[in-house]
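The values are calculated or read from the model by the stated rules, or taken from the named source; none is laboratory data. Nothing here was measured: the structure is a model prediction, and the numbers come from that model. A quick note on method: Cβ atoms are made from the backbone with ideal geometry, for glycine too, and the neighbour counts reach across all protein chains shown. Surface accessibility is based on the protein's heavy atoms, side chains included, excluding ligands, DNA and RNA. Shrake-Rupley method; radii C 1.70, N 1.55, O 1.52, S 1.80 Å.
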Amino acid sequence: MEPAKVFRKDIIDLEGITPGFSHHGATGVVGGHGDSDGNSHLFVIPENRKLGVTSTTLLIVNRMIGTGIFSTPSTIMQATNSVGASLLFWVLGGFMTLWMSAYLELGTALPRSGGEKVYLERIYRKPKYLATSIFAVEIVCFAHSAANCINFSGYLLRVVHGLDPALSGNCGRSSNGQLKAPSPLAEEWINKGISMAAITLVCLVHAFTPKFGIYMSNALAFFKLIMLLLVVCTGFAALAGNLKAPRPDNFSTFDGAGVACPDVHEDSSGRAADFSLALMQVLYSYSGWENANYVLTEVRNAPETLKIAAPLANLTVTVLYILANIGYFAASSKSEIASSGTTVAASFFTNVYGQGFFVTRILPFIISLSILGNISSQTFAAARVKQEVAKEGILPFSKFFASDWPIQTPTGGLLLHWMFTVALIAGPQSSDAYPFISLLYTYCQSWVKLLIALGLLYLTLSPTSTWKAERTSFHTSNFLTVTWALSLLFVLSAPFIKNNTITPTVPWFVVPTVGCSVVVIGTIYWAYWFKIWPLFGYNIEHHVEVLPDGSERVRYVHGRNTPATKSPLWW
């Protein structure tokens, strides 16, 4: 049997649009206007909801500043046992945000929502849909808000009970250096319930009050900048000697005074893996610099706006991150930072101001608002990317998850984001979920970014590529792209070396093994959907027409080889 053809048309001649079809006033998949067969659906972006330079900048800032700067310094110190090395990792993370120039080149040339999905489809045209399928597995299964929701809940509970900045003791290890399981949270399911309520509330806001969702995100982004400025100013006070605790003398030598994790026997063979995990935690803290690329269809004058907003946001966050870490080291010892877990900021403020109402109640509330802003920004962008993946027709129930009913918001993508976030919240123990999920997210993202880096090099250097004629006047340096690819290869390979800095209950090999499964599962999914099904007479036809106002008309035909006028299957 001749395999049925899998067809997709990204952009067709606008003059070929069905005569008499109006693209005004459509509402989306359910209840929307379309052809008589019900297979055509219109996705409209209202002009008054498009983002300007300020909102786009704050969208990136809001995504980048979450819990990372208040939590990950602990893990990084455990991995490096050095003040100088830790600061170098934060500087390196800031330098690595320069690799956003690759996304600027791709985003200005392909100003459509979807981010990596759009770029992978342009780069890897053969085998068709393979790169898209790998990306779909990563973005649907692993790009969620579970880690931040769990941390939001933890800090909110500390507002009620009071934050205890006391150290957890020797980096969570016993005297022989072995990781020991933490005590289970007394309110484990209360913690998870608050986490689920947080993601539910955010999804409902973005689904049914989209303008308020944008205003809320912008306000929280401004609030985060003020919070980080408070950390920086407090750090300068600590450098001037205004401390309630003894001076830690962390800048007396490159490594700093003392030992991060006393009585823990270091394994030199795992040093590369520890450094890789430290780098992943830094990258997680900086993650989000590509956030605007996911929603470019909803950005006014996207190429020019992106070129202003992305560098401005990244430079601001990088400077604040480095200064904040200098402040941490000015006030807290290596052991305090390494043992404080997700409460690095609490021990920092305690050492400067002393333990009082601000540290035990106000501080965790401030940090919880910062985390909420990160959840809001990530949900806003991730839901739109998942909607774009659903528009491809490659997901089960694609029409449903591509829905923008009832008020032209990505309700289907928001539901998909909510489902996987809730599943990850309910699964692991809250005490271990944050470090494990954050590392796994960064590892999976590194695979996608490596494909982007290698693909951009191919487009730029291949003599048969037409990319130089397609791109705008903006293009990145090949040197930056090569160093980006090499750094990602280190991040992906080093965690396979045995290390001791994941979590007390998750084996060291789980993160890289599960992370690599993204490529394997994506390839298997592609083979099933696009190779095996056609052998049994099923076809997938997907047509996208980009209308003059930037809205999209999508037509699906899923099912056996039947005329396109028949209704498609949901699966």
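Details
- Search result, residues across region 359-380 that are touching a Phe, Trp or Tyr at 6+ places or on another chain (Cβ under 7 Å) and either farther than 18 Å from residue 152 by Cβ or without any contact (Cβ under 8 Å) to a residue 24 or more places away in the chain (or both): 359
- Remark: residue 355 matches the filter, which requires a residue to be in contact (Cβ under 8 Å) with a residue 60 or more places away in the chain and not in a helix (DSSP H, G or I).
- Of the residues making up region 102-128, just one is in a helix (DSSP H, G or I) and touching a Pro at 6+ places or on another chain (Cβ under 6 Å), namely 108.
- Complete set of residues in region 456-492 that are open to solvent by 70 Å² or more (accessible area, probe 1.4 Å) and touching a residue at least 40 places away in the same chain (Cβ under 8 Å): 458, 470, 475, 490
- For region 59-108, residues that are farther than 16 Å from residue 279 by Cα, of a type in the set (A, V, I, L, M) and touching a Leu at 6+ places or on another chain (Cβ under 9 Å) total 7.
- For region 408-431, a tally of residues being at pLDDT below 85 and not in a helix (DSSP H, G or I) returns 4.
- Output for region 331-351, where each listed residue is in a helix (DSSP H, G or I), open to solvent by less than 10 Å² (accessible area, probe 1.4 Å) and modelled with pLDDT of 85 or more: 331, 334, 337, 348, 349
- All conditions in (1) open to solvent by less than 80 Å² (accessible area, probe 1.4 Å); (2) of a type outside the set (S, T, N, Q); (3) modelled with pLDDT under 90 hold for residue 216, with the sole exception of (3).
- Considering the conditions (1) in contact with a Ser or Thr (Cβ under 9 Å, 6 or more places away or on another chain); (2) within 17 Å of residue 353 (Cα to Cα); (3) surrounded by 15 or more Cβ atoms within 10 Å (Cβ to Cβ); (4) at pLDDT 85 or above, residue 250 is excluded by exactly one of them, (2).
- Cβ-Cβ contacts under 6 Å between residues 6 or more apart (or on different chains), taken from a first residue in region 252-277 that is more than 24 Å from residue 487 (Cα to Cα) to a second residue that is outside any helix (DSSP H, G or I) and modelled with pLDDT of 80 or more, are listed as 256/250; 257/249; 258/333; 260/81.
- Single residue of region 86-143 satisfying the filter (among the basic types (Lys, Arg) and farther than 18 Å from residue 474 by Cα) that is most open to solvent (accessible area, probe 1.4 Å): 126
- Residue 308 meets the conditions (1) surrounded by fewer than 17 Cβ atoms within 10 Å (Cβ to Cβ); (2) β-branched (Val, Ile, Thr); (3) closer than 30 Å to residue 362 by Cβ in every case but one. The failed one is (3).
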